[in-house]
Each structure stands twice: as C-alpha cells, then as structure tokens.
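**Q** Can you keep this structure in mind? I'll have questions shortly.
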Amino acid sequence: MMATASAPAKVILFGEHFVVHGNPAILAAIDKRIMATAGTIEAEKIAIRSDIGAAGEYSGRVFKALRGGRRAKALIDPIHYAVKRALGSRDLDGGIEIDLCSEIPYGIGLGSSAASCVATVAAVGSLLGRHDRQWICKRAVESERMIHKNSSGADCYVSTFGGLMQYGVKEGYRKIESGKSLSIVIGNTGIRHDTGELVVGVAKFRARKRKLFADLLAYADEICSDAASALESGELERLGLLMSENQRLLQQIGVSSKKVDDLVKACVAAGALGAKITGAGGGGSVIALAASEKESAGIAESIRKAGCDPIQTQIDFKGLIV
C-alpha cells in the first residue's frame, strides 16, 4: 500500500515572540509544500528518507543512519515519532517507508518541521483509513514538540487547515477571511537560527527591561488587532505599514540583525508595502508584501541583488491534501 500527503509551509505575518508572552499572532499558509509518501514494506522497520540530506531506519529502538551522519537522527526523530503516533497501537505486517520532499529550505522560519509532521501523519493515517484533520493535527503537534519543546501547535494547525488565522494562547484559533489576495515575497538570508536560544534571549530582555517590554507588548497587541482588521477589509497599504511597524518592535527586542535590516530596506526600496522578519529572527527569512503579483518580481530581484534567495508565494487556502 502507498499514500501521499502534502502540507503547506507557513509565514508569521504578525506577533512572533510576543505570542510567547500572551499576545495573539497572525499566521498564513503559503503555496509551497512538503510532500510525504508512506508505503508499507516487508521488513519490520521504519525507514525514512528526506531531501534535506538525512536518511535512516529504525528497527525497534535501534537507529541506523543511512545519510547525514551524526545529524541524521536529530533531523528525522520527529518524523519517526509522527509515524508511531499515526500508527498508535496498530501493528502492521511488516514496516513503513517514508519519503519526504520539500519545496522550501529547512530551518529558515517557514514551518518546515510542522509541515513535515502534518504530511507524515496524514500519509500514514491514510494507509489506515484515517483522514480526519483534527486527528492528524493533534498527532502532528505532539511530533513537532520533539523539535520545539514549547510549540503552541499553531504552525501545525495552519499547515493542516490552510488560509489565514489568528492564534492566542488563551483565545485559541480564529480563521481570518481576507478581503484581498496577498502576494508575499520571502527573502531567505541563508543564516540558520536556533529558535530556543532566541526565545530565551527575549525572555532575558523582558527581565532586564520590564516596563519597556510591557509597553512593546501592548503595542504589538494593538498592531495585531489592526492587522486582522486590515486583512478582512483588504487594506493592503495599511497592512504593509503595520508589518514595518511590527519589524521595528522586533528590532527593539534584539531578534533582528544587520543583514535582516538591510534586506528589509531593500524590499521597501523596491516597492514593497511593508517588510519584516517572519519566525524567530536572528537570520532566517524576511517577508515582503507586494501590491500585486506583478510587483513581486521587482521585489524578488532586489532580494537577489542583496545576496539572498527570493521565494514568490501566495496564500494557500487548501491546507493538507491527501
């Protein structure tokens, strides 16, 4: 038997880092996907291959790296866990083989780990006749937490269901209906980051400057609320200004960098309505909002001239496809 599932990557439009401290965040699925193919095999093992340079197989608790050396296990352990969570107590006559293929680079703040887990659970679940999205999302979140211990689950949720959403720790998830389509250009700085270290760094900033952080938190909350309104009414220029304002807050809490700041300026100079970090920062990716799909090409070229890799994208409303 064989089944294939694909799940979209994501961007955080507003609220990264501040969401950890109780604020809402706005996320969007994008039309770049990670595909997982699951097939049954005769050997009693779980074999995993991915195009990020890692491959290995598990026979019970014994792991054997086939590609990727010492890093292989850390990279594919969450996928192995996703397979196990999808199987539950079900014993197959034989084993499972997983092939992962991605349209986005790994580790640049676009939710590749969440999309990988969602696609893997869905593909394995399909072999068992399980197609319920809530069932898939729950197990994907549990798997992603092997990478990001304190993950809210928002990345897996938007990857499963697609579209735009607002997420808050207390409020949960709320779908946002956009008044206009969004053309987003992503600039990959090529600088890998450690999300955990950056989150700890922001927590230390908060401890040192409590009054300032409280003010920034309140302002970030206001920006997120205004952004949700701008999305629903289709006010792209207002949305772009709010993105740039959000970026200034991220600079203040210390998660930006000179390369990121220069890339943001290059995008705006090329006609972007606004630009900011997406994700943890410290490198990773920048997102720029274009006035239209036609305008995206010029922004992409400015990103290329700045020495970074551009990705032109739109919002994905399909979510998980099996």
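**Q** I want to confirm something. Restricting to region 4-58 and keeping residues that are of a type in the set (Asp, Glu) and assigned to a strand (DSSP E or B), which single residue is farthest from the chain's Cα centre (by Cα)?
**A** Glu57
**Q** While we're here: Of the residues that make up region 197-218, is at least one under 18 Å from the mean Cα position of the chain (by Cα), touching a residue at least 40 places away in the same chain (Cβ under 8 Å) and crowded, with 20+ Cβ neighbours inside 10 Å?
**A** Scanning region 197-218 turns up at least one residue that is under 18 Å from the mean Cα position of the chain (by Cα), touching a residue at least 40 places away in the same chain (Cβ under 8 Å) and crowded, with 20+ Cβ neighbours inside 10 Å.
**Q** Given the residues Lys276, Lys259, which is the only one that is touching a helix residue (DSSP H, G or I) at 6+ places or on another chain (Cβ under 7 Å) and either part of a helix (DSSP H, G or I) or outside the structural domain of Ile104 (by TED's automatic domain parsing) (or both)?
**A** Being touching a helix residue (DSSP H, G or I) at 6+ places or on another chain (Cβ under 7 Å) and either part of a helix (DSSP H, G or I) or outside the structural domain of Ile104 (by TED's automatic domain parsing) (or both) holds for just one of Lys276, Lys259, which is Lys276.
**Q** Looking at Asp99, Asp51, Asp91, which one is of a type outside the set (Lys, Arg) and at pLDDT 95 or above?
**A** Asp99
**Q** Which of the following residues is aromatic (Phe, Trp, Tyr) and without any contact (Cβ under 8 Å) to a residue 24 or more places away in the chain: Tyr81, Tyr58?
**A** After applying the criteria, what remains is Tyr58.
**Q** Does Cys224 satisfy the criteria of being over 23 Å from Ile299 (Cβ atoms), surrounded by 20 or more Cβ atoms within 10 Å (Cβ to Cβ) and not assigned by TED's automatic domain parsing to the domain that holds Lys276?
**A** Answer is no for this residue.
**Q** Just to verify a result, which residue in region 162-187, among those that are assigned to a loop (DSSP other than H, G, I, E, B) and hydrophobic (A, V, I, L, M, F, W, C), is modelled with the highest pLDDT? Full working, then the answer.
**A** Of region 162-187, the ones assigned to a loop (DSSP other than H, G, I, E, B) are 162-163, 169-171, 177-182.
Checking which are hydrophobic (A, V, I, L, M, F, W, C) leaves us with 169, 182.
Working: Val169: 84, Leu182: 94.
Step by step, filter region 162-187, then rank; the result is Leu182.
**Q** From the list Leu231, Leu239, which residue is touching a helix residue (DSSP H, G or I) at 6+ places or on another chain (Cβ under 8 Å), under 27 Å from Lys305 (Cβ atoms) and modelled with pLDDT of 95 or more?
**A** Details: Leu231 fails: under 27 Å from Lys305 (Cβ atoms).
Of the residues listed, the single one that is touching a helix residue (DSSP H, G or I) at 6+ places or on another chain (Cβ under 8 Å), under 27 Å from Lys305 (Cβ atoms) and modelled with pLDDT of 95 or more is Leu239.
**Q** Continuing with this model, one more query. So how many residues does region 162-173 have that are over 20 Å from His21 (Cβ atoms) and crowded, with 20+ Cβ neighbours inside 10 Å? Show your work before the answer.
**A** Quick first cut of region 162-173, residues over 20 Å from His21 (Cβ atoms) only: 162-164.
Among the residues that remain, those that are also crowded, with 20+ Cβ neighbours inside 10 Å are: 162, 164.
Final tally of qualifying residues: 2.
**Q** I've got another one for you. Name the single residue that is surrounded by the most Cβ atoms within 10 Å (Cβ to Cβ) among those in region 229-247 being farther than 26 Å from Gly283 by Cα and small (Gly, Ala, Ser).
**A** Ala230
**Q** A further question follows. Which condition does Cys101 not pass, out of (1) under 15 Å from Met35 (Cβ atoms); (2) part of a helix (DSSP H, G or I), if it passes all the others?
**A** In the conditions (1) under 15 Å from Met35 (Cβ atoms); (2) part of a helix (DSSP H, G or I), Cys101 misses (2) alone.
**Q** Checking Leu66 against (1) part of a helix (DSSP H, G or I); (2) free of Cβ contacts under 8 Å to residues at least 40 places away in the same chain; (3) surrounded by fewer than 22 Cβ atoms within 10 Å (Cβ to Cβ), which single condition isn't satisfied?
**A** The failed condition is (1).
**Q** Find the residue count for region 255-276, including only residues that are among the β-branched types (Val, Ile, Thr) and surrounded by fewer than 17 Cβ atoms within 10 Å (Cβ to Cβ).
**A** From region 255-276, those among the β-branched types (Val, Ile, Thr) are 255, 260, 264, 268; that's our starting set.
Checking the rest, the ones that are also surrounded by fewer than 17 Cβ atoms within 10 Å (Cβ to Cβ) come to none.
So the answer is 0.
**Q** Would you say Ala72 is outside the structural domain of Arg192 (by TED's automatic domain parsing) and surrounded by 24 or more Cβ atoms within 10 Å (Cβ to Cβ)?
**A** So Ala72 fails the test.
**Q** I've got another one for you. Within region 295-320, can you find the residues that are surrounded by fewer than 17 Cβ atoms within 10 Å (Cβ to Cβ) and in contact with a Pro (Cβ under 9 Å, 6 or more places away or on another chain)? Steps first, answer last, please.
**A** Our first condition is that a residue be surrounded by fewer than 17 Cβ atoms within 10 Å (Cβ to Cβ); within region 295-320, this holds for 297-298, 301, 304-305, 307, 309, 314, 317-318.
Scanning region 295-320 gives Glu301, Arg304, Asp309, Lys318.
**Q** Right, here's the next one. Got a number for residues in region 136-156 being over 13 Å from Gly111 (Cα atoms) and of a type outside the set (Asp, Glu)?
**A** Of the residues in that region, 8 qualify.
The values are calculated or read from the model by the stated rules, or taken from the named source; none is laboratory data. Bear in mind that the values here come from a model prediction, so they are computed numbers and not experimental data. Positions of Cβ are generated from backbone atoms using ideal geometry, with glycine treated the same way; all protein chains shown enter the neighbour counts.
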